[in-house]
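Student: Okay, here's the structure, questions in a sec.
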Amino acid sequence: MTFTTAVSDPVPPSAYPSFETVSSPPPAMPPAWTATVLLHPFSPPLSTDPKPDNPFFQLCVANVACVPGKWFSAQVAGCSYGRWWYVVTPEGTKVSTDGGRTWTAIDLGWSLPSDWFGAQRSSASCVGSSPLNWMAPAPVNWWKIPVPIAGSPPAATWLWFDSDSNAPVRMMFGEGPPKPTQGDPTQLAFFQMWSFTYFPTYTAHDSEEKAPARPQDFTTPTIPGFSVGNPNGYQNFTWNTNFGMTAFMTPVNENYNPLPTRVLYVWKDAPDYQSYSDRAQNTLMQYNYNSGEMGAQEALLTGPAPNGVQPPPESGTGFLINFNWDGTSSCIGGSQFPFAQEPPDWVQIPAVEGTIQATISSNPVIAPDTTVTIFSVLFPPAPPNYPEATYLWTWYAPQNATGTESRPVTFMQSQSGVNVGTSLALADYYYYEAFTQPIDPSNFDIPSACGIQTQKSALRRRLP
């Protein structure tokens with residue numbers, strides 16, 4: 001059963017993503033494996049140290065090889081500068097910055113990897129199996145592990161594995177390491193230093209004898225189709241002003257599972273602006289895969305009136321409405337939910353510094369038959385570890401030669417915070433349509449639970 005805000009909702013229930021049940025145990029780390037990975041940092045470097053002597057504050061590519069319990073090697077190339085080679089053995093960790101000619105012992109708080117789930121294997125749970133997004137039709141299994149936080153619900157580390165081969169596809173560490181340059185020995189070494197990691201190439205070996213020998217020379221890592229920067233000269237995208245899409249919204253609060261979500265978005269130009277619903281966004285999140293009383297949650301955001309237009313009531317504001325399965329509902333707004341709708345060109349606002357940091361073209365694993373631009377956006381700080389800014393990472397697939405028309409792939413907020421807002425850090429997108437007909441304004445009616453007398457249609461349940 002699903003919820004909808006209006007009979008006129010243009011997105012059908014069948015467009016929502018869904019999970020298939022997974023009953024298999026957590027994947028074991030094989031006897032030996034190699035991979036090339038793409039690493040997204042939690043934050044940019046501090047302004048007082050713009051080129052730190054570590055790779056943890058920039059987009060990186062790395063060659064990784066491991067024989068669990070014996071050795072782990074990561075050869076890292078920064079997309080901005082530098083190269084680092086980390087080797088972890090039972091004796092500790094050492095690093096080289098000159099390609100392996102000289103080595104320095106270093107304490108990064110890592111333990112030698114032997115399990116994808118660190119020390120939390122027994123606490124891992126799988127929500128189910130689903131494709132990662134609209135680009136990748138092959139299903140992956142969505143695993144999460146709890147990360148304890150004093151005085152707070154546990155954070156979540158999310159791991160995605162190919163449903164057939166158990167190869168890792170992606171990792172998201174919802175909570176950063178204890179310090180930006182000091183890891184947690186109970187978490188997966190090396191990877192925990194980055195917020196978001198993709199595995200474009202991965203090879204497992206069923207015995208150590210069949211694996212390549214431990215690297216003796218530094219090899220610059222490469223990913224098929226990957227280019228640093230913006231070699232195609234794409235411009236920053238601008239959202240369509242009348243569209244709908246669906247997503248899985250994934251929380252960093254481990255107590256919750258991903259939410260099948262539908263987004264409707266309208267942004268009319270000044271001559272056509274008459275009501276708050278002419279600039280509005282309705283994000284409806286279904287709690288199908290969560291226990292409890294709540295059946296759905298709606299974030300209703302409205303945009304500001306154009307310059308020179310008298311703002312109508314409820315413009316430039318936000319409401320968060322909870323709908324329970326028993327038919328009751330509640331609402332917060334105003335200072336309790338101070339989020340207004342973002343304009344279509346939000347990534348171009350100078351304060352967020354939207355930047356194309358890399359491009360991927362036709363990579364068979366993470367961008368099959370598609371070109372993707374990887375944007376970084378500056379988001380609010382997360383003190384004490386990231387006191388100046390954090391990163392939001394978003395992937396977009398250009399739909400025209402300039403990139404101004406682009407389809408969203410994924411949206412990930414680093415260090416978003418457990419119990420901050422909706423605790424949602426990640427959106428993976430599936431259905432997307434730019435509508436030729438205007439979205440019916442009833443889809444943006446403010447429910448009566450908010451105490452605003454503009455409601456025309458109550459939230460309804462309907463069978464899919």
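Only the coordinates and a few stated rules stand behind these numbers; no lab work does. What you see is a predicted model, and the numbers here were worked out from it, not measured in a lab. All Cβ positions, glycine included, derive from the backbone under ideal geometry; neighbour counts span all protein chains shown.
Student: Multiply the residue separation of Val228 and Ala119 by 0.36 nm, subtract the distance between their alpha-carbon atoms, and state the gained length in nm to one decimal.
Tutor: Using 0.36 nm per residue and subtracting the Cα-Cα distance, I get 35.8 nm.
Student: For the cross-link pairs Lys51/Lys144; Lys51/Lys179; Lys179/Lys210, which exceed 27 Å when the distance is taken from alpha carbon to alpha carbon?
Tutor: Among Lys51/Lys144; Lys51/Lys179; Lys179/Lys210, the Cα-Cα distance tops 27 Å for Lys51/Lys144; Lys179/Lys210.
Student: Additional query: Can you give the local net charge around Val352? Use residues other than it whose beta-carbon is closer than 15 angstrom to its beta-carbon, Lys and Arg +1, Asp and Glu -1.
Tutor: -4
Student: When the Cα centres of region 25-45 and region 102-138 are compared, how far apart do they sit, in Å?
Tutor: Their Cα centres are 6 Å away from one another.
Student: Follow-up. What Cys residues in the chain are without a partner cysteine, judged by a Cβ distance under 4.7 Å?
Tutor: So, Cys60, Cys66, Cys79, Cys126.
Student: How high is the FRET efficiency between Ser361 and Ser448 when r is their beta carbon distance and R₀ equals 60 Å, given to the nearest 0.05?
Tutor: Taking R0 as 60 Å, the efficiency between Ser361 and Ser448 is 0.75.
Student: Continuing with the same structure: Nearest 20 debye, what's the magnitude of the dipole of the chain about its Cα centre given +1 on Lys and Arg Cβ and -1 on Asp and Glu Cβ?
Tutor: It works out to roughly 280 debye.
Student: Please list, by residue number, everything in region 245-283 whose backbone N is under 20 Å from a paramagnetic label point 7 Å out along Cα→Cβ of Thr186.
Tutor: Answer for this model: 252-256.
Student: For region 32-223, with the dipole built from +1 on Lys and Arg beta-carbon atoms and -1 on Asp and Glu ones, taken about the Cα centre, which of Met135, Thr34, Pro168 lies farthest toward the positive end?
Tutor: The one lying farthest along the dipole's positive direction is Met135.
Student: Percent relative contact order of region 59-170, based on C-alpha pairs within less than 8 angstrom and at least six residues apart?
Tutor: So the answer I get is 14 percent.
Student: For region 32-223, what are the per-bin percents of Cα-Cα distances with bins 10 Å wide, up to the bin holding the maximum?
Tutor: The calculated distribution, bin by bin, is 9, 35, 39, 15, 2.
Student: Within a Cβ distance under 15 Å of Leu112, other residues only, what is the Lys/Arg minus Asp/Glu net charge?
Tutor: Result for the neighbourhood of Leu112: -2.
Student: Okay, moving on. How big is the gap, in Å, between the Cα center of region 260-308 and the Cα center of region 343-378?
Tutor: Distance between centres, Cα-based: 23 Å.
Student: Excluding Gly244 itself, calculate the net charge of residues whose Cβ lies under 14 Å from the Cβ of Gly244, where each Lys or Arg counts +1 and each Asp or Glu counts -1.
Tutor: -1
Student: Roughly how big is region 137-270's charge dipole about its Cα centre, with Cβ charges of +1 (Lys, Arg) and -1 (Asp, Glu), in debye to the nearest 20?
Tutor: 420
Student: Once you wrap a convex hull around the alpha carbon atoms of the chain, what is its projected area averaged over all directions, in nm²?
Tutor: In nm², the orientation-averaged hull projection of the chain is 22.8.
Student: Tell me which GluC sites (Glu not before Pro) from region 260-314 have a DSSP coil assignment and no more than 14 other beta carbons within 10 Å of their own.
Tutor: Glu293
Student: By how many nm would the segment from Asp107 to Asp269 grow when fully extended, if each residue of separation counts as 0.36 nm and the alpha-carbon distance is taken off?
Tutor: 52.7 nm
Student: Using unit Cβ charges (K, R positive; D, E negative) and no other charged atoms, how large, in debye to the nearest 20, is the dipole of region 32-223 about its Cα centre?
Tutor: It works out to roughly 180 debye.
Student: Taking the simple approach of a point 7 Å from Cα along Cα-to-Cβ for both Gln399 and Ala28, what is their distance in nm?
Tutor: 4.6
Student: Oh, and also: Stretched out fully, how many nm does the piece from Ser330 to Lys94 gain, at 0.36 nm a residue minus the Cα gap?
Tutor: Result: 79.5 nm gained on full extension.
Student: Among Val11, Val22, which comes first, second and so on when ranked by fewest other beta-carbon atoms within 10 Å?
Tutor: Val22, Val11
Student: Give the calculated FRET efficiency between Glu208 and Gln310 to the nearest 0.05, with a Förster radius of 51 Å applied to their Cβ-Cβ distance.
Tutor: 0.10
Student: Quick one: order Thr410, Thr48 by neighbouring beta-carbon count within 10 Å, fewest to most.
Tutor: By the 10 Å Cβ count, ascending, the order reads Thr48, Thr410.
Student: Counting pairs of alpha carbon atoms under 8 Å apart in space and at least six apart in sequence, what relative contact order in percent does the chain give?
Tutor: 18
Student: Run the simple label-point estimate for Ser47 and Ala351 please: 7 Å along Cα→C-beta, distance reported in nm.
Tutor: The modelled label-to-label distance comes out at 1.5 nm.
Student: Cα to Cα, under 12 Å, and not fewer than 8 places away if on the same chain: which aspartates and glutamates meet these conditions relative to Lys70?
Tutor: Answer for Lys70, where 12 Å is the Cα cut-off: Glu91, Glu208, listed by chain and number.
Student: Taking other Cβ within 10 Å of each residue's Cβ, how do Ser23, Ser376, Ser8, Ser111 sort, fewest first?
Tutor: Ser23, Ser8, Ser111, Ser376
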